[in-house]
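Q: Below you'll find the structure I mean.
Rule-based calculations on the coordinates, nothing more; no lab input. In this text the structure is predicted, and so the values were computed from the model without any measurement. Every residue, glycine among them, receives a Cβ derived from its backbone with ideal geometry; neighbour counts consider all protein chains shown.
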Amino acid sequence: MMTSVVMLLLLLMMMFSISAVVANHGGVFSVKYKYAGQQRSLSDLKAHDYRRQLSLLAGVDLPLGGSGRPDAVGLYYAKIGIGTPSKDYYLQVDTGSDIMWVNCVQCKECPSRSNLGMDLTLYDIKESSSGKLVPCDQEFCKEINGGLLSGCTANVSCPYLEIYGDGSSTAGYFVKDVLFYDQVSGDLETASANGSVIFGCGARQSGDLSSSNEEALDGILGFGKANSSLISQLASSGKVKKMFAHCLNGVNGGGIFAIGHVVQPKVNVTRLLPDQPHYSVNMTGVQIGHSFLSLSNDASQQGDRKGTIIDSGTTLAYLPEAIYEPLVYKIISQQPDLKVQTLHDEYTCFQYTGSLDDGFPLVTFYFENGLSLKVYPHDYLFASGNFWCIGWQNSGIQSRDNKNMTLLGDLVLSNKLVFYNLESQVIGWTEYNCSSSIKVRDERTGTVHLVGSHYISSACTLTINRVMMILFLIALLHKLIY
């Protein structure tokens, strides 16, 4: 019996020690998909993307660039640590925006709770011994505002303001503090690392960014191209190379988000178009089944910005009319007996009981350097009640600014490893099992290590499960002793 008691005591000790290990953060990010396990309503996704496109389009012309929004970009989120002592924050991972920002303690309109299953935390610079205000005459503030702000004097902090097309806004000031993240130290092993970064401290939120947002998080983790993004800041301080990858599991949630040079799987790449605010590439062709679409020279232009935007924060995929109309026609013509209906005045839908992948064509996008992107029928068709609806959207019927937009979002990117190499200004992807692992090379030592997938369970689920297990072990221990 003593042996059983000792083993139970060891199990209890392990349970408590696991609680301390779970709180790792950072460069190897644990990610979770917001809509994992839920049937995705086309109306919800379209509304999400409409707000998202407002920020994508407006961000370039705003003084501070394209800052992200919790309700408009957040398909995936990660847990990181900020400050001394470190506190946990859940931030939405966004490759379409640059600035990292979190809600701050001064904010009266910021959300205090979320139905995503975690506790929200307001950042308080007074509670962090490493936190500092960023003055308006600092180089960061000058660069992000295109010069010295009017009225900037000594001891005045650097402000930020984002106003979106739907009337929502976020405002505050920049601070500098320590961010904690996990650095790859061995196969499936990490060691805590940290770096000082500048981020926005949100003091006022309005519209969809306010406390009315039920799926709120603590802020945004910007992984865009600009010097103000998290990846650029860490790279400029010599902490990392400007390379990162994500593999996002749109079915089960979670996946891989790692900073570093991915060496396995092998990923073919295409060049990023220069002087573009987002990750934009040159599309060269579209194949539907065995048929190729002929693309006009401006088929994938977006206003004065050429190229196809790759954005993991957008749910669907938006194509100009020159691509959208023949694409949808060829998909529907595969089944001549389909009774096509328009739901909600804009979605092309039909009833079908057979195998989607057997009954409808594979869609393949081609890009420079021989890179291709395959999208299967089970990816681009969505269930809506008793109907299947086509996830491709016509950007030609959007607002004038979106008329020629070609934007590929989560519809085509989930369950693929996407590698961003800003050192060489290329991007690439390959189909991959996002529940497995990848190999990342340490550029300083040349060693290669495995990086596995991660999944953030809700905080309350973790706590309840752990408490129930501990209570069970205590009861069993009590029975053995007495």
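Q: Amide H to amide H under 5 Å from Thr95: which residues, 5+ apart in sequence or cross-chain, H placed 1.01 Å off N in plane?
A: Hits under the 5 Å cutoff: Phe223, Ser312, Gly313.
Q: Would you mind checking the pairs Lys241/Lys266; Lys306/Lys374; Lys132/Lys416 and listing those with alpha carbons more than 29 angstrom apart?
A: Among Lys241/Lys266; Lys306/Lys374; Lys132/Lys416, the Cα-Cα distance tops 29 Å for Lys132/Lys416.
Q: For the residue pair Glu325 and Leu362, what label-to-label distance in nm results when each label sits 7 Å from Cα along the Cα-to-beta-carbon direction?
A: It works out to 2.9 nm between the two label points.
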